[in-house]
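The structure under discussion appears below in the form of structure tokens.
Nothing in this text is a laboratory measurement; each read-out follows from the coordinates by a stated rule. Since we're looking at a predicted model, the values are computed, not measured. Using ideal geometry, Cβ is built from the backbone for each residue, glycine included, and neighbour counts are taken over all protein chains shown.
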């Protein structure tokens with residue numbers, strides 16, 4: 001695939017050259033706000049209208065669409081539509097600007113974020129910002145990407161490595177990638193975090209703002225970091241909650257979940273051992289862990305028919321792989337619920353799999369979120385994904401031994417092994433933009449090591465670490481430590497970062 005930036009130099013001259021350098025991480029100059037060829041996008045005046053039907057949302061919640069180039073290096077070519085929203089909550093005399101947000105994924109809808117955030121943010125913050133949401137390019141109401149996948153192909157879950165099924169897993173991954181390429185070949189190279197960040201800068205301009213403030217969670221932290229790299233002069237107050245390592249995004253993002261699961265599992269076992277009188281899983285951490293692995297081994301021999309307190313899994317035939325995948329998330333987001341579910345499994349009967357069950361169907365499904373997730377995860381840093389299936393086999397065996405909870409899930413083959421190379425190199429995040437990085441100690445989705453890497457990549461940032469904090473996502477969640485809420489609110493309200501990193505207690 002030819003380099004898009006080389007084409008841009010010939011197409012739009014010097015200003016496009018400046019823009020191309022910006023895309024590679026160079027800081028934009030004060031006199032080069034954007035290439036002149038992008039004027040028609042930056043100078044748009046969106047037609048705002050009430051979101052939803054009358055009475056569904058308050059009249060102050062407005063929606064609009066803006067047009068962006070599919071390929072920023074060829075702005076006179078094909079375009080894409082972005083759905084944006086705003087909720088004017090700022091108070092005259094206190095207003096600072098706009099606050100954009102992204103909840104993560106990649107693949108989580110964000111057009112409705114202003115309504116959700118209005119209830120989660122303190123009045124002192126709402127008074128200073130109009131809240132702005134948008135579905136990223138390729139998602140939801142923003143020219144959605146679709147691959148035409150079946151229900152089985154569109155399963156978003158990672159699959160554990162098994163020698164007996166690896167050939168089938170490989171064929172499934174290859175077919176999924178081929179289906180997406182056949183249907184969306186022209187757009188896939190431009191469904192990237194970098195292009196979404198460029199879209200954010202267009203949104204900034206059409207809203208009449210010199211800078212934007214931003215609140216991102218999980219994958220949204222990577223999007224925010226990429227924006228600071230491409231547009232440091234337009235980055236205002238940036239909060240990145242439950243961060244990923246911005247310079248190892250791609251396969252490493254998956255692998256980090258396995259390395260984060262092990263210490264969090266040990267911490268969970270210590271927590272539950274202190275409550276043996278309630279859950280009867282063991283009065284020492286070692287006994288609790290043994291109880292977990294006993295049920296995994298039992299379900300590996302024959303599925304367990306779950307009977308217990310979790311209605312979502314009531315009656316399900318649960319395998320050992322299911323237990324590791326299902327309870328892994330609950331260990332950290334809902335530790336006592338996980339203990340109850342494990343106790344329920346101990347008293348649930350074994351069963352036999354239904355021979356008539358195929359585990360999926362060939363019927364097409366709405367695969368927009370899955371297609372978008374694949375485009376971002378596979379395309380943003382395509383060099384991070386090995387092309388030889390044998391590499392995944394070796395890595396999965398090794399990682400299962402190192403990280404028994406989830407290593408064979410995250411190291412197994414995915415469609416990314418067969419994905420086309422991205423249109424650009426991965427963004428290198430290395431700047432001095434001020435930001436606040438918020439991180440729980442026992443987050444298994446984005447482990448503490450990931451948050452530390454984000455903090456180090458953004459040299460002007462401060463870290464807010466929650467010692468003893470469990471679960472994924474902190475700020476704005478029920479039960480968030482007052483220390484976190486107070487620190488983030490103060491930054492968003494005043495723009496002043498803490499003098500030093502902040503240590504909070506769960």
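Couple of notes before you dig in:
- Computed over Cα pairs, the Kirkwood radius of segment 347-476 leads via Stokes-Einstein (1.567 mPa s, 4 °C) to a diffusion coefficient of 70 µm² per second.
- Cα centroid separation - segment 32-74 against segment 178-211, whole Å: 13
- Packing-based order for 297-308, 421-432, using average beta carbon neighbours within 10 Å, highest first: 421-432, 297-308
- Computed over the alpha carbons of segment 424-466, Rg followed by Dmax gives 11.2, 36 Å.
- Calculated mean residue ellipticity, 222 nm, the chain: -12500 deg cm²/dmol, from DSSP H runs (n ≥ 4) at -39500 (n - 2.57) each, averaged per residue and rounded to 500.
- For the chain, the longest principal axis of the C-alpha atoms and the axis of helix 389-402 are separated by about 60°.
- Sequence-separation-based contact order of the chain, relative, with Cα cut under 8 Å and 6+ spacing, percent: 18
- Compared with the dominant Cα axis of the chain, that is its longest principal axis, helix 219-230 is turned about 30°.
- Using alpha-carbon coordinates, inclination of helix 193-206 to the longest axis of the chain, degrees: 40
- DSSP finds beta bridges in the chain, and of those with both partners inside it, around 40 percent are antiparallel.
- Computed over the chain, Kirkwood Rh from alpha-carbon pairs, angstrom: 24.0
- Per residue, the average separation of C-alpha pairs within less than 8 Å and at least 6 apart gives segment 123-261 a relative contact order of 17 percent.
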